[in-house]
Amino acid sequence: MPLVEAPVEKKEIVEGVKRVYLYAIGRRKEAIATVKLFKNGKGEITVNKKKYTDYFRTFELEQIISAPLKSVGQADKVDVEARVSGGGLVGQAEAVRLGISRALVQLNINFKKNLRKAGFLTRDPRVKERKKYGLRRARRAPQWQKR
């Protein structure tokens, strides 16, 4: 049996323009966000490869994400690319906000004062309390009858 070589298809790899970015991580409750902040941008914010207004559909969540950029006047000067997983939408939005704030401090240390004053650099330590045995939830006890 002769050995026949199958034709090999050559795929062209199209590489995008590599842009320099600043990297930061934000966490809130169960949500973890990894944020890339690109200098010299147009103000585009993408979350999980979607426009942030499509991912976070409510006005309040959109405001949470754009707040650190607006507070330091960088809303139309940088691009943000975030990947977020875990938790709910509010936790994810606040995780992205913390990541953006940390990346902005790397961009310019002078932003730290304004961001700290607004509370954007503080990691909110509140997480869900664990369930205890003998209880129905973390603190909710089964109904108790005196007589």
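Among the residues of the stretch 106-143 satisfying the criterion of being touching a residue at least 40 places away in the same chain (Cβ under 8 Å) and assigned to a helix (DSSP H, G or I), which is surrounded by the most Cβ atoms within 10 Å (Cβ to Cβ)? Walk me through how you get there before you give the answer.
So in the stretch 106-143, the residues touching a residue at least 40 places away in the same chain (Cβ under 8 Å) come out as 106-107, 114-115, 118, 120, 123-124, 126-128.
Pick out the ones that are also assigned to a helix (DSSP H, G or I) and you get 106-107, 114-115, 118.
Working: 106: 13, 107: 17, 114: 16, 115: 21, 118: 14.
The residue in question is 115.
Six or more apart or on different chains, Cβ atoms under 6 Å: show the pairs whose first residue is in the stretch 57-73 and in a helix (DSSP H, G or I) and whose second is of a type in the set (S, T, N, Q).
Every condition considered, the pairs that remain are 62/53; 68/101; 71/114.
Looking at (1) free of Cβ contacts under 8 Å to residues at least 60 places away in the same chain; (2) out of contact with any helix residue (DSSP H, G or I) (no Cβ under 6 Å at 6 or more places or on another chain); (3) among the charged types (D, E, K, R); (4) part of a helix (DSSP H, G or I), find the lone condition where residue 42 falls short.
(4)
Of all residues being over 12 Å from the mean Cα position of the chain (by Cα) and assigned to a helix (DSSP H, G or I) in the stretch 45-56, which is nearest to residue 94 (Cα to Cα)? Just the residue, please.
The extreme case among them is 53.
Since every read-out is calculated from the coordinates, none of them should be taken as a lab result. Quantities reported herein were computed from a predicted structural model and do not represent experimental measurements. We place every Cβ from the backbone using ideal geometry, glycine too, and count neighbours over all the protein chains shown.
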